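Submitted below is the structure of interest, expressed as structure tokens.
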């Protein structure tokens with residue numbers, strides 16, 4: 001089950017909201033929320049549920065040991081190390097066994113058969129959440145949770161369990177124990193959810209369709225290196241541009257919906273995106289993109305390694321480790337590791353080589369977008385033959401034509417839609433809303449018009465999204481695979 005589905009929007013979530021409203025106590029609300037969360041998670045496969053239960057138990061148990069050791073003024077570090085190691089081993093088995101064995105097979109010729117280990121949905125997200133909880137208990141930044149089922153509720157909250165944002169326990173502990181649903185927040189939550197649903201169902205899925213049209217394939221057909229090779233130069237640029245828009249609209253839409261649903265239920269999740277495509281430097285881009293992941297690596301890897309308060313060589317090594325891990329977190333393929341190290345190179349250049357403040361602002365912005373553009377080209381193609389053909393094809397080095405009828409038709413049919421998507425990636429609409437809100441405070445007719453539109457907009461967005469989903473057979477969230 002995904003958020004952008006009619007079953008979820010009009011059956012599952014509505015049932016959750018109604019049930020939450022009917023039960024009186026916070027304990028009952030938490031039991032209901034946990035029940036719905038486990039059903040939601042089990043929808044993708046019941047076999048994944050024991051892993052979620054087990055990982056949560058491990059972190060709950062070790063956090064108790066850490067808390068007891070600290071209260072008895074004993075060294076708790078060995079419990080922390082054991083817990084982190086065990087969780088990372090489990091994550092590694094499910095996520096990286098196939099990758100490791102494929103590379104061993106390539107180099108040494110064995111094993112003959114590589115086991116097909118299915119990646120449990122959301123494992124990267126809830127593993128990091130649970131690890132942040134254990135580390136925070138060790139540091140004294142969060143209180144230990146003595147009730148296993150409440151920690152399970154934190155790890156398995158269906159709003160954000162399978163695709164983020166990565167939520168710190170200390171940020172939602174108060175909401176779990178004492179949350180109150182406010183009408184004003186419900187209204188904001190409905191609007192935020194409707195915006196996210198429209199971004200996903202209409203814009204992100206539309207961008208995915210452009211990729212399909214440009215490659216001239218159906219999504220049930222496997223993309224091959226030959227198809228990539230034969231795509232024209234303009235077609236390859238159009239594919240990467242559409243993917244660049246799709247991945248932001250898709251992932252930020254999921255975060256919008258998670259934040260919106262949280263508000264409707266009394267939870268307050270932090271923002272995960274801040275219009276990354278308006279960034280003027282690569283450093284600025286990563287302050288705006290997937291904020292919860294960036295801050296996780298900053299707080300739990302980069303700073304413990306010494307951050308930037310070390311020698312130049314050690315600082316570069318710290319950045320190398322963090323961005324290598326960032327790439328690995330996204331997937332068990334070399335292209336993701338290359339993608340992480342690609343950003344490592346540009347971040348080091350910005351820190352130690354290029355004086356970005358001396359570059360005109362508009363040029364900085366254009367250069368940043370080009371760097372991000374080629375980064376997404378690396379990110380999109382998991383297969384090395386596909387990736388090689390794609391990078392060569394962007395410059396016509398595959399022997400591919402500059403343009404062809406397929407890419408021309410794809411562009412002509414979609415250029416207005418692409419402009420709409422580009423606008424949706426900027427704060428322009430948000431700024432216009434703020435201007436109208438300010439005007440409405442001074443002018444009664446504007447106030448009436450703005451109030452009417454403010455109430456009508458979520459309804460219209462839900463209607464448009466429903467129509468889009470009713471006829472759309474391809475509707476996955478990209479980040480479910482990570």
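The values are calculated or read from the model by the stated rules, or taken from the named source; none is laboratory data. The model shown is predicted, which means the values in this text are computed figures rather than measured ones. Here Cβ is always computed from backbone atoms with ideal geometry, including for glycine, and neighbour counts include all displayed protein chains.
Anything in the stretch 11-35 that is within 18 Å of residue 125 (Cβ to Cβ) and crowded, with 19+ Cβ neighbours inside 10 Å? List them, or say none.
Scanning the stretch 11-35 gives a single hit, 33.
Would you call residue 188 at pLDDT 90 or above and assigned to a loop (DSSP other than H, G, I, E, B)?
In short, no.
Name every residue in the stretch 57-85 that is within 18 Å of residue 328 (Cα to Cα) and either over 28 Å from the mean Cα position of the chain (by Cα) or touching a residue at least 12 places away in the same chain (Cβ under 8 Å) (or both), in order of residue number.
Within the stretch 57-85, 84 is the sole residue that qualifies.
Test of understanding: among 413, 443, which residue is within 22 Å of residue 208 (Cα to Cα), at pLDDT below 95 and surrounded by fewer than 18 Cβ atoms within 10 Å (Cβ to Cβ)?
Going through 413, 443 in turn, the sole match is 413.
Identify all residues within the stretch 234-290 that are outside any helix (DSSP H, G or I) and more than 30 Å from residue 26 (Cβ to Cβ); write none if there are none.
Across the stretch 234-290, the qualifying residues are 273, 274, 275, 279, 280, 281, 289, 290.
Does residue 350 satisfy being surrounded by fewer than 20 Cβ atoms within 10 Å (Cβ to Cβ), not assigned by TED's automatic domain parsing to the domain that holds residue 137 and not in a helix (DSSP H, G or I)?
Criteria not met by residue 350.
Among the listed residues 137, 167, identify the single one that is in contact with a helix residue (DSSP H, G or I) (Cβ under 7 Å, 6 or more places away or on another chain) and at pLDDT 95 or above.
137
Under 6 Å between Cβ atoms, at least 6 apart or on separate chains: pull out the pairs that start in the stretch 131-159 with a residue that is exposed (fewer than 15 other Cβ atoms within 10 Å of the Cβ) and end on any residue that is at pLDDT below 95.
Filtered contacts from the stretch 131-159: 141/170.
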